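> Below are the structure tokens for one structure; questions will follow.
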Amino acid sequence: MAVEFIDLQSDLPGARQSLAVHRFGVPGARPLVYVQGALHADEIPGMAAARALADRLEALDRQGRVRGEIVVVPVANPIGLGQRIHGHAHGRFDLATGVNFNRGYAALTDRLAQRLEGRLGADEDANRALIREAMRLEIAVIEAVSATDRLKRTLLSLAAPADVVLDLHCDSEAVVHLYTLTPFADRIGTLGRLLGAQAILLAVESGDEPFDEAASRPWLELRDRFPGAAIPLGCFAVTVELRGQQDVDAATVAADADALVAFLVHEGAIEGALPDLPDGRCEPTPLAASEPLTASTSGIVMFHAAPGDRLEAGALVAVIVDPVTGAQTEVRCQSAGLLYARSAARFAVPGQRLGKVAGSAVTRSGKLLSP
Ligand SMILES: [Zn+2]
């Protein structure tokens, strides 16, 4: 095991921050797995699971059981982690710009396609190597003006070469759910079963360039650009939502870390007998069919449904009570499905997101993720 501290040049004179990168196994060995926690810096379940995973990997590495190379960054966003206002953590958006730390990653496909024009053929392994090298070169020249830009470029440079990327997040109040690209519908099942995921959301493009797709989507898009070439989906990237922000306790964190180790055994990154797979708790559904529930008025939020509840179409999810008049406004879902996340806020303003239902009846287009 080796720990590397990558210097993140600060925007302020004399100030320094660094990114701690833990490396296990054999440098350069495959599969290369990249795991990061708390890119949204106030989402501590991901940080806790990454830390516990690193502890387990340290022991496995000593036993010589790490076959590939596994890179773990438990604190992916030291900039966001330092953002506190009057004692409250604000880790989702960069306070300097208002930009979400998990949006706005470089969309590399155009530049990769230019660089790879005429070079990709019938040899899948050769193409994989060419695409990885082109990604390395393109990421190195991504323009980065601010410290946050440099952090994003650094994180992407760590993830892009990997065969598997797990970006560990959480929602406000939620059950375990996963996001990945639609072509990984079959492959995501193992991770979903091990973590007990209750929703798996698929899209070919979620919109606004989240981190996981910056690493994985170029492969899919290069297939469209070069239909005659044998292009593998060289990076299986997943955004893992480990329940809600308050769901940090020793037993849950240990179970999540054990599930991640079991997944890495299944992926061939750790040597060992294949762990049993629990029964799946859901089938993947389109992210476009995830129904956002929003408040149409302001008031006190009284929930009538909790994360994990299976809802009928038209079910009552919440009542918003006007504290001045007493008027009550119902919030109902249109589609049948699983309420996989809801807001921890108990006072809403118009337009505020109150919950998300993984269904199959609604069809959205455009930008599919929460702001
Ligand atoms: Zn997040």
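The values are calculated or read from the model by the stated rules, or taken from the named source; none is laboratory data. The structure displayed is predicted, hence computed values, not measured ones. Don't worry about glycine lacking a Cβ; one is built from the backbone with ideal geometry, like all the others, and counts go over all protein chains shown. What goes into the accessible areas is simple: the full protein's heavy atoms, side chains included, and nothing from ligands, DNA or RNA. Shrake-Rupley method; radii C 1.70, N 1.55, O 1.52, S 1.80 Å.
> Return P(r) of the stretch 255-362 (all Cα-Cα pairs; 10 Å bins starting at 0; whole %; ordered from short to long distances).
14, 34, 23, 17, 10, 2, 0
> Rounded, prolate or oblate: which fits the stretch 64-105, taking a ≥ b ≥ c as square roots of the Cα gyration tensor eigenvalues, rounded meaning a/c under 1.5, else prolate when a/b beats b/c?
oblate
> Under a crude label model (7 Å from the Cα following the beta-carbon direction), how far is Ile85 from Asp224 in nanometres?
Between Ile85 and Asp224, the simple spin-label model gives 3.7 nm.
> Over all alpha-carbon pairs in the chain, figure out the percentage whose distance exceeds 29 Å. Working shown, then result.
Details: 29451 of 68635 pairs.
Result for the distance tail: 43 percent.
> Can you give me the P(r) profile for the stretch 94-197? Cα pairs, bins 10 angstrom wide beginning at 0, each as a whole percent.
11, 33, 34, 19, 2
> Tell me the net charge near Ala237. Cut-off is 9 Å between Cβ atoms, Ala237 excluded, with +1 for each Lys or Arg and -1 for each Asp or Glu.
Numbers: positive: Arg217; negative: Asp167, Asp212, Glu213.
After counting each charged neighbour, the total is -2.
> So how exposed is Val248, as accessible area in Å² (1.4 Å probe, rounded to 10)?
That residue has around 60 Å² of solvent-accessible surface.
> Using a Förster radius of 25 Å, what is the FRET efficiency between Ala129 and Met1 based on their Cβ-Cβ separation? Nearest 0.05, please. Each step should come with its number before you reach the end.
Values: r = 27 Å, r/R0 = 1.08.
Rounded to the nearest 0.05, the efficiency is 0.40.
> Something else: By how many nm would the segment from Thr182 to Met302 grow when fully extended, if each residue of separation counts as 0.36 nm and the alpha-carbon distance is taken off?
Roughly 39.7 nm would be gained on extension.
> Further, regarding this structure: Rounded to the nearest 20 debye, what is the charge dipole size of the chain about its Cα centre when +1 sits on each Lys and Arg Cβ and -1 on each Asp and Glu Cβ? Before the final figure, lay out each step's value.
Values: 35 positive and 46 negative charges, 65 e Å.
Magnitude of the dipole: close to 300 debye.
> Size of the dipole of the stretch 287-359 about the Cα centre, Lys and Arg at +1 and Asp and Glu at -1 on the beta carbon, nothing else charged, in debye to 20?
180 debye
> Relative contact order, percent, of the chain when contacts are C-alpha pairs under 8 Å separated by at least 6 residues?
Relative contact order of the chain: 17 percent.
> How would Ile300, Ile131 line up by accessible area, probe 1.4 Å, largest first?
So, going from the largest accessible area down, we get Ile300, Ile131.
> Something else: Of the residues Leu220, Leu316, Leu156, which exhibits the maximal mean-square fluctuation in a Gaussian network model of the chain defined by a 10 Å Cα contact cut-off?
Per the Cα network of the chain with a 10 Å cutoff, Leu316 tops the list.
> According to a simple spin-label model (label point 7 Å from Cα along Cα-to-Cβ), what is the distance in nm between Leu95 and Thr325?
Simple spin-label model gives 3.7 nm for this pair.
> Kindly state, to the nearest 0.05, the FRET efficiency for Ile142 paired with Asp249, given R0 = 41 Å and r defined as their beta-carbon distance.
Computed FRET efficiency for Ile142 and Asp249 comes out at 0.60.
> Still on this structure: With Cβ to Cβ distances under 11 Å as the rule, what net charge do the other residues near Phe303 carry (K, R +1; D, E -1)? Working shown, then result.
Details: positive: Arg342, Arg346; negative: Glu173, Asp309.
So the environment of Phe303 carries a net charge of 0.
> What FRET efficiency would be calculated for the residue pair Glu283, Ser18, taking the C-beta separation as r and a Förster radius of 41 Å, to the nearest 0.05?
Efficiency computed from Cβ-Cβ geometry: 0.45.
> Counting helices only, and only those DSSP H runs with n ≥ 4, report the 222 nm mean residue ellipticity of the chain as the sum of -39,500 (n - 2.57) divided by its residues, in deg cm²/dmol to the nearest 500.
Computed ellipticity for the chain at 222 nm equals -8500 deg cm²/dmol.
> Shifting gears a bit: If the convex hull of the alpha-carbon atoms of the stretch 1-132 is projected onto planes in all directions, what is the mean projected area in square nanometres?
That works out to 11.1 nm², a quarter of the Cα hull's surface.
> Suppose each label sits 7 Å from its Cα in the direction of the beta carbon; what would the Arg115-Ser10 distance come out to in nanometres?
According to this spin-label approximation, the distance is 3.2 nm.
> Sequence-distant or interchain residues sharing an amide H contact under 5 Å with Tyr34, placed H: which?
Correct list: Val71, Val164, Val165, Leu166.
> Follow-up question, since we're still on this one. How large is Rg over Rh for the stretch 275-320, taking Rg from the Cα atoms and Rh as the Kirkwood inverse mean of 1/r across Cα pairs?
Result for the stretch 275-320 is an Rg/Rh of 1.10.
> Can I ask one more? Does the stretch 158-303 come out rounded, prolate or oblate by the C-alpha gyration tensor, with a ≥ b ≥ c the root eigenvalues, rounded set by a/c under 1.5 and, if not, prolate when a/b is larger than b/c and oblate if not?
oblate
> With helices defined as uninterrupted DSSP H runs, which ones in the chain have an alpha carbon span along their own long axis of at least 20 Å and mean Kyte-Doolittle hydropathy of at least -1.0? Please report the intermediate quantities before stating the final value.
Working: long enough: 44-62 (27 Å, 0.14); 124-140 (24 Å, -0.31); 211-225 (22 Å, -1.12); 250-266 (24 Å, 1.45).
For the chain, where a helix must reach 20 Å along its axis and average at least -1.0, the hits are 44-62, 124-140, 250-266.
> Would you work out if the stretch 309-359 is rounded, prolate or oblate? Take a ≥ b ≥ c from the square roots of the eigenvalues of the alpha-carbon gyration tensor; rounded if a/c is under 1.5, else prolate when a/b is larger than b/c, oblate otherwise.
Judged from the Cα gyration tensor, the stretch 309-359 comes out prolate (a/c at least 1.5, a/b above b/c).
> Separate question: Let me check I've understood the local charge: for Asp208, count other residues with C-beta under 10 angstrom from its C-beta, Lys and Arg +1, Asp and Glu -1. What total comes out? Show your work: numbers first, answer last.
Details: positive: Arg103, Lys367; negative: Glu205, Glu209, Glu213.
So the environment of Asp208 carries a net charge of -1.
> Can you tell which of Ala49, Ala361, Ala341 shows the greatest fluctuation in a Gaussian network model of the chain with Cα springs below 10 Å?
Fluctuation is largest for Ala361.
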